[in-house]
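In what follows, a single structure is set out as structure tokens and then discussed.
The values are calculated or read from the model by the stated rules, or taken from the named source; none is laboratory data. Please read these numbers as outputs of a predicted model, since none were measured by experiment. Cβ placement follows ideal geometry from the backbone for every residue including glycine, while neighbour counts extend to all protein chains displayed. All accessible areas refer to the heavy atoms of the entire protein, side chains included, with ligands and DNA or RNA removed. Shrake-Rupley method; radii C 1.70, N 1.55, O 1.52, S 1.80 Å.
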Amino acid sequence: MYLTRFPDSRQAAAIALGAVVAFGACVELDLEPEDSYGQNVLDNAAATNLILNNAYRELPLYEYYGRDFVYCSDITSDDAEYIPGESTFSARQELEDFSWTPFSSHNVEVYGSAYNSISVCNRVLDVVSEDNPSAVGQALYLRALNYFNLVRMYGGVPLLLTEDVPIEELARVSRASEAEVYAQIVDDLARLTDGALLPERWPESDNGRATRGAAHALRAKVHLTLASPGTDVPGDKQGHYRVALEQARLVRDAGTYSLEPDLDRLWTPDQQYSSSEVIFLNGTNGIDVFVGGIPGRYTTNYNPIDRAGWEFGWGNNVPEIRLFESFDDDDQRKDAGFVTYFITGDTLEREAFTRVGRTASYNATGDVRTFFPGDTVPYTHWSEPRIQRPHLGKFRRYGSASTPGSNVDDNNFIIFRYAEVLLMIAEAANELEGPTDEAYEAINAIRRRAYRGSTDYDLETGQSQSSFRQALQDERWKELHQENKRWWDLVRWGIYQERMAEFGRDVPAFRQRFPIPQAQLDQNPNLTQNPGY
Amino acid sequence: MAFGLATFTALAQREVTGTVTDNDGEPLIGVTVLVVGQGGGTATDFDGKYAVTVPDASTVLEFSYVSYATQRQTVGDRSTLDVVLAAEESLLEEIVVVGYGVERKSDLTGAVASVGTQAIQQISVANVAEGIKGRIPGVEIATTDPSPGASPNIRIRGHNTINGSNQPLIVIDGYTRAGDLQAINPRDIKSIEVLKDASATAIYGARGSNGVILITTFSGQSGEPRLSVSVAVKAREPLRQLELLDGPQWLALRQEAGFGVSDEDIANAETRDWQDLVYRRGFEQNYQASYSGGTDAVRYIVSGNYFDDLGVVENSFFERWSLRGRISTDLGDKLTFTNTTYVSANSSNATPRNTLNYLFDPSLSTSALVFFPQLPVRDEIGNFTSTETSTNPVAIATERQDLNQQTFNYTYSELEFRPLPGLSLRSTFGITKRTSADREYWPQTITNVTNEGIAVVRDGNTTEWSQENIAAYAGSVGRHNFSATAAFSQEKLSGESFGTRASGFATDDLGVFNLAGATQSVSSSNRFTQTLQSLLGRVSYNYANRYYFTASARRDGDSRFAEGNKWGTFPGAAIAWRISEEPWMDGVTWLDNFKLRASYGVTGNASALGPYESQLRYIVDGENAATIFNGQAQPSLRLTNLANPNLRWERSPQTNLGLDVSVFRDRLSLSVDVYEKTTEDLLLSVRLPDVAPVNTRRENVGSLSNRGLEIALQTVNFERERFSWTTAFNYSFNRNIVESLADADEIPVGPFAGLMDTPPVLLRVGDPLGSYFGYAYEGIFASDADAGRVSYPLISSSDLAGFVKLRDVNGDNRVTADDRVIIGNAQPDFSFGFINEFRVGDFDLNIYLQGVIGHEVYNLTRYYTENTNLRGNVLATVADDRWTAENPSDASLPGLNKWLPLAHSGNVEDGSYVKFRDIQLGYALPRAFGSRLGIDFARAFVSVQNAIVITDYTGYDPEVNFGGSSTSLQGLDLGAYPSNRSITVGLNADF
């Protein structure tokens, strides 16, 4: 039947070969990742430093200083308004209307972002010891900053100080009291500033990491907040003012920091890391996520919704008109802080060649016209009511990596700058002893910089404690508007409702805290909601 | 002696004549009569007669005729040799392939559907999945992406998992790592079997829950070598183009909307339909040749294919070269060695799709609709024109490149040892290697995307090997028939990939081959290994072909799970009763088969799981995740995954009841199946409390269910010598319900931030997958007074006229987010296929309809193209259907500048369709004529795909999905690649 018959020995060989294949090596079912690390990576000190970087990485993200956290203090205060454009973003509208809920995304996201950063700090603090002091220092600093943000926003929150907690337990953790959270922050910062855990300066390539100055500034801010009348934490208010003053003085007297004479430099992204005024910032590099980077989005967040397409923006955080009007024309802060015209081309050479002669199809005057780089059109000429407003200038005019029409820029968000330290000195000194020379000197330093060195605009001497207080509060508004300061200031001073009433806004008292996110309450039966929500 | 022999030979050379008839004595025309081993031959004439010269008495003649059993006769001393050819075994005697074995069709106990050689050979599309669409009830094949080289989604009995893959397992010639259906030429396929119920698929255990498609390819047959050639060329055109405003209309509307357009502008406006500029006539070529043959001990086939598809979008193409070869050698009568090797290389250029990248979405199809019609392609100084809301479609089509080159190769060997009658021991080994290289470049000329060039380069490869040892035994004792199969199987997959994204190039001249010139770049690298080990077995028993019982079990161990949960057991069992075989049915001669089937089984799925998801992992952050100090990125190590040793397989228990009937000698056959299956322990991402170190963790929570009915009916309506007509009809429906979810009863799905106020899809417990969510559209406010007492979002109650009116569902006199409801669903009520085949003499005509009825499509393209705020060009209907003060009451679209970014049911459309998938007319060369030319078989055909599409859907095609193969995003039309109508001319010939 078969044409060919092989000898049996070949058959046997073939069967033997088959059997070898059949019962040869078994695959291994226990496999370790080949492109990622396991738990034991924590044993490696260099790896710990890389893990710590993640605590910084949270800061510039959308969900935190990149957008949401800033909106929660700017749109909700007398700094800015949300003006809906083509689309209405309900979370922004709710901030504008004082109707935010435990579901509103901006106030919800900050909670998670802060805890993400805290979680990294705790992981580092769990494994590093004093032989890596700067890791301990940075972790303590960032943990304190995050808890400070949380406690100001939400009141008492779960106080987690280690990573060694099972997931199931995390879903049952209760809120600590506001006093307990502050006590932990105060302890961490005391441990940090009294030791030598952080350097005065980092090597240039590490600019942006927490420094001793940043720790003193934060400690001053925490104690100033604790001292403020609106903060309902029992304690020695005068004592807190004294610590605040002392810590702020340490920053001033170290001589490391000074005011930038020219605000343009302060708001130029690539100058910010080396600026003498910047104490702590979050880091962006303006590289589009498409390529990989942490882009700032401030330009687009704050820029007008521009129908000509040159200055793509969301117009989300539009300065209150009263704020704009409170500046006189000699104040360089007016020019640096506000956009009063549109740049229809891009002044940056890099952009120019691709943009020349681009036809924008419409403008306010009804012509189709061709714009050329550098053309400017006053904002009042634009057709849409919602953009006939000055917009924020701080983040928009010097973003070197900003591409018109892109969602990205390289603006960093400055969390602490020296101007605020001076204002803290003025505030703490005035609260302790009335307007002292030191207080005048501090506030006038701010005003002289604003008026390019002129002393003509110094605060008049002979102020009472309360008139100085008023001047200081106004100066903070003008100097630090839309830098994520105002809501906290109004709340800690206890004047939030009163101030918003001046703007015709009736804000109930419970809105001096944001609600705990509903998703967190749903997952954890032991969490309680803030009153009113 | 030599002389004597020669004389004898000369004497022996003589003519043999005869008549070839069928069982009924009817002459058969065109039967091939072959002189075996000599190469000569002839064919029977119109009276079934033949005459052939044979060399000697030992000559063997072979009589072959399609659908009749080939017969060989030794001539002997006969000069007249009449032959009766028996029709091939009835449908019931067909052998079908099942997991790890074959069975007679009559013995099947599970829900198994087959597509036979004849139907497959008539497929006039290059992707076999396209070709069998609508032919098998319960198998939904949806071409959500009609671009060249794309594979359709195949869903067998609905969606079984949310985060994992719902594609069925594809097994080609017993090899589970032979790729998807795109990698096989229909001309190479002999049969397709689809295993649908769990008793049939449980033998594939943890990969069986989505059903299994078994492909059997042609093997060489011993005998004369056969050359088989097929050629098909196809011309395509877009099925439909949308009617948009022309230049003057567009500018007039813009003027009316207050955009500042002068009358002169309108008068001078040009018109460009950008669809015309970027869509074209597509052209496809498909050439295949195979050569097969063998001796009794060695059989071979080798088959080569070249396929080239130029799509209907400018610059889109897919091109593939492939070669498939198989050799099978008997080593004595107890051993057979078989090797199959497939090598292929393809390249393609992909068209950019919607990315929802806010306004500057560089999707070609969307841009072709919304780009301003009055603009020229290039401006006065030669740059591409662009607008603030859209990218110049010609720039995208002609300047941007996304070249992908892939190779896909495997070799699969099997040694079979048959030591005893009925016992087969097989050992198999296969290796599959894939490589992929992506070269994507966005030039500086596409200014809305980049003005410095972006290059994306990705290279990856995977190696898969599989080794199986299978023992099978079949035997009978009296009327007891039994068989048993056991196997041990191991698989290993590993892969690695490297990617770089770079931007900031001085010029575009070098495209991606200028990475050193980039000012910014980020790289990534990945590697994984994954292993699977399985033990499986099956026993089947039947008594007198009347009572059937089958049981199987598979135990799978997977490296992805932690110790203690690696192994899962997946059992299946089925019983069947062939009532027609009962003695007391003997008198019912018209009934060929009457069988009842019942089965139950459990299958698994873990495709949602990454290779190391049960382990704690830190990754180095690269792309878009670095930490920035001093303006420069520093790497960071991020905890990305918490260990979860409790993860286990998703499990899908399924019950199936079936009925098979055939009557009047198979003139009518009917199969009906009903099933119910529930997938439990879905591997979903569970959101952890914010205080946890990571945001989500994979857990086994949630369940889904599918219930459905499938009917397949085949009739031979008319059958005569010169004329026959057969009909196949199938009908199926599936009801899908989300039974439970992870931590919420509702999960909005869709990356739609910034586009609309709410994601368009909602996963909700108690509703099916693919439910659309939004406001209920009630028309347009004719006047400000129309509102009644109800207040509306985003609009002031004093200025309502011309805005969209939405239903106040909860009756609280305010339309708020709480009034959003389910406004449609992507799951059809039912679907059907209806295929009629006519044969008239040498002509055949095949009319193949397929329909999907009762589902909705969320036409998000209209969200752009009916935007009366006029950010981009709009549909021509906007001119007439929008609200105006003059025409307040007949409007269906909002007035100018009154469009709101709200998801509402006004954009949800009935997606029901009936398509004439294929109308094919063929002509087969008469054998008698062909044999004179040395042609055994030749058939020429012309066929039209999508000749008629019946639908009320207003977009390009209701068979669409922006979400691709996503389970949760279904039925969304957003910037879809246009589907097409095509005409194919082809020729198949065997020599």
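Distance between the pseudo-spin-label points of A:Thr101 and A:Leu521 (7 Å out from Cα toward the beta carbon): 1.1 nm. The tail of the calculated P(r) for the stretch A:117-237, taken as Cα-Cα distances beyond 24 Å, holds 28 percent of the pairs.
For the stretch B:534-622, the Kirkwood estimate of hydrodynamic radius, built from reciprocal distances between every pair of different alpha carbons, is 16.9 Å. Taking the Cα atoms of the stretch A:106-180, the ratio Rg/Rh between the radius of gyration and the Kirkwood radius comes to 0.98.
Within the stretch B:685-778, the GluC sites (Glu not before Pro) that combine a DSSP coil assignment with at most 13 other C-beta atoms in a 10 angstrom radius are B:Glu721. Helix B:247-256 axis versus longest C-alpha principal axis of chain B: approximately 40°, rounded to the nearest ten. Backbone N atoms of the stretch A:481-521 closer than 17 Å to the 7 Å Cα→Cβ label point of A:Ser466 belong to residues A:493-496, A:498-499. Under 16 Å from a label point set 7 Å out along the Cα-to-Cβ vector of B:Phe991, the amide N atoms of the stretch B:293-321 belong to B:293, B:302-304. In chain B, the calculated helix contribution to ellipticity at 222 nm averages -2000 deg cm²/dmol per residue, counting -39,500 (n - 2.57) for every DSSP H run with n ≥ 4.
The GluC sites (Glu not before Pro) found in the stretch B:88-191 that occupy coil by DSSP, while having at most 12 further C-beta atoms within 10 Å, are B:Glu89. For the stretch B:781-896, the pair-distance distribution built from all alpha carbon pairs, in bins 5 Å wide starting at 0, is 2, 9, 13, 13, 14, 14, 8, 6, 5, 5, 4, 3, 2, 1, 0, 0 percent. Which whole-number percentage describes the relative contact order of the stretch B:278-415, with Cα contacts under 8 Å and a sequence gap of 6 or more? Relative CO of the stretch B:278-415 lands at 22 percent.
Taking 18 Å as the limit for the C-alpha separation, the pairs B:Lys805/B:Lys898; B:Lys105/B:Lys595; A:Lys237/A:Lys485 exceed it in the case of A:Lys237/A:Lys485. Computed packing ranks the peptides B:627-640, B:295-308 as B:627-640, B:295-308, most packed first, by mean other Cβ atoms within 10 Å.
Our estimate of slack between B:Ala86 and B:Val809, defined as 0.36 nm per intervening residue step minus the Cα-Cα distance, is 253.3 nm. Other protein chain C-beta atoms within 10 Å of residue C-beta, averaged over B:613-620: 5. Let a ≥ b ≥ c be the square roots of the eigenvalues of the Cα gyration tensor of the stretch B:153-283; is it rounded (a/c under 1.5), or, if not, prolate (a/b larger than b/c) or oblate? Taking the square roots of the gyration eigenvalues as a ≥ b ≥ c, the stretch B:153-283 is oblate.
For B:Asp24 and B:Glu676, a Förster radius of 35 Å and the Cβ-Cβ distance give a FRET efficiency of 0.15, rounded to the nearest 0.05. Between B:Phe929 and B:Val588, the FRET efficiency from the beta-carbon distance, with R0 = 60 Å, is close to 0.85. Taking Lys and Arg as +1 and Asp and Glu as -1, the other residues whose beta-carbon sits under 9 Å from that of B:Gly495 total 0.
Charge tally around A:Asp331: other residues with Cβ under 13 Å, Lys/Arg +1 each, Asp/Glu -1 each, net -2.
A 1.4 Å probe run over chain B, with the rest of the protein chains in place, finds 38 Å² accessible per residue. The modelled label-to-label distance for the pair B:Asn897/A:Ala501, using points 7 Å beyond Cα in the direction of Cβ, is 3.8 nm.
Each Lys and Arg Cβ is given +1 and each Asp and Glu Cβ -1; about its Cα centre, the stretch B:900-991 then shows a dipole of about 540 debye.
To the nearest whole percent, what portion of all C-alpha pairs in the stretch A:39-123 is separated by more than 15 angstrom? The calculated P(r) of the stretch A:39-123 puts 63 percent of pairs beyond 15 Å. Taking a point 7 Å out from the Cα of B:Gln401 in the direction of its Cβ, the residues of the stretch B:421-447 whose backbone N falls within less than 18 Å of it are B:436-447. Amide H contacts of B:Val98: B:Glu103, each under 5 Å away and 5 or more positions distant or on a separate chain (H built 1.01 Å from N in the peptide plane; Pro and chain starts excluded). Pairwise Cα distances in chain B exceed 41 Å in 47 percent of cases. Restriction of the GluC sites (Glu not before Pro) in the stretch B:365-449 to DSSP coil positions whose beta-carbon has at most 11 other beta-carbons within 10 angstrom yields B:Glu380. For the stretch B:655-776, the relative contact order is 19 percent, taking Cα pairs closer than 8 Å that sit 6 or more residues apart in sequence and dividing their mean separation by the residue count.
In the neighborhood of B:Arg555, defined by Cβ-to-Cβ distances under 15 Å, what is the net charge if each Lys or Arg adds +1 and each Asp or Glu adds -1? So the environment of B:Arg555 carries a net charge of +2. Calculated translational diffusion coefficient of the protein assembly as shown (37 °C, 0.692 mPa s; Stokes-Einstein with Kirkwood radius over alpha-carbon pairs) equals 89 µm²/s.
Ligands, DNA and RNA excluded, the heavy atoms of B:Thr589 present near 110 Å² of accessible surface to a 1.4 Å solvent probe.
Only Lys, Arg, Asp and Glu carry charge here, each on its Cβ (+1 for the first two, -1 for the last two); on that basis chain B has a dipole of about 2900 debye about its Cα centre. Ranked by solvent-accessible area (1.4 Å probe, protein heavy atoms only, all chains present), the residues B:Phe528, B:Phe773 order from largest to smallest as B:Phe528, B:Phe773.
Considering every alpha-carbon pair of the stretch B:650-758, the percent of pairs per 5 Å bin, from zero through the bin containing the longest distance, is 2, 9, 12, 12, 11, 11, 9, 8, 7, 6, 5, 4, 2, 1, 0, 0. Spin-label model, B:Val539/A:Ala254: points 7 Å from Cα along the beta carbon direction are separated by 8.0 nm.
Interface area, chains A and B: about 8400 Å² of buried accessible surface, summed, with a 1.4 Å probe and ligands, DNA and RNA left out.
Share of carbon and sulfur in the accessible area of the protein assembly as shown stands at 54%, probe radius 1.4 Å. Principal-axis analysis of the Cα atoms of chain B puts helix B:2-12 at an angle of about 70° to the longest axis.
At an R0 of 45 angstrom, the distance between the Cβ atoms of B:Arg226 and B:Asp880 translates into a FRET efficiency of 0.10. Along the stretch B:159-173 the Karplus relation, 6.51 cos²θ - 1.76 cosθ + 1.60 evaluated at θ = phi - 60°, assigns HN-Hα couplings of 9, 10, 8, 9, 8, x, 7, 9, 6, x, 6, 9, 10, 10, 6 Hz to successive residues, with x for each Gly and Pro. With the whole protein complex present, A:Arg452 retains an accessible surface near 150 Å², based on a 1.4 Å probe.
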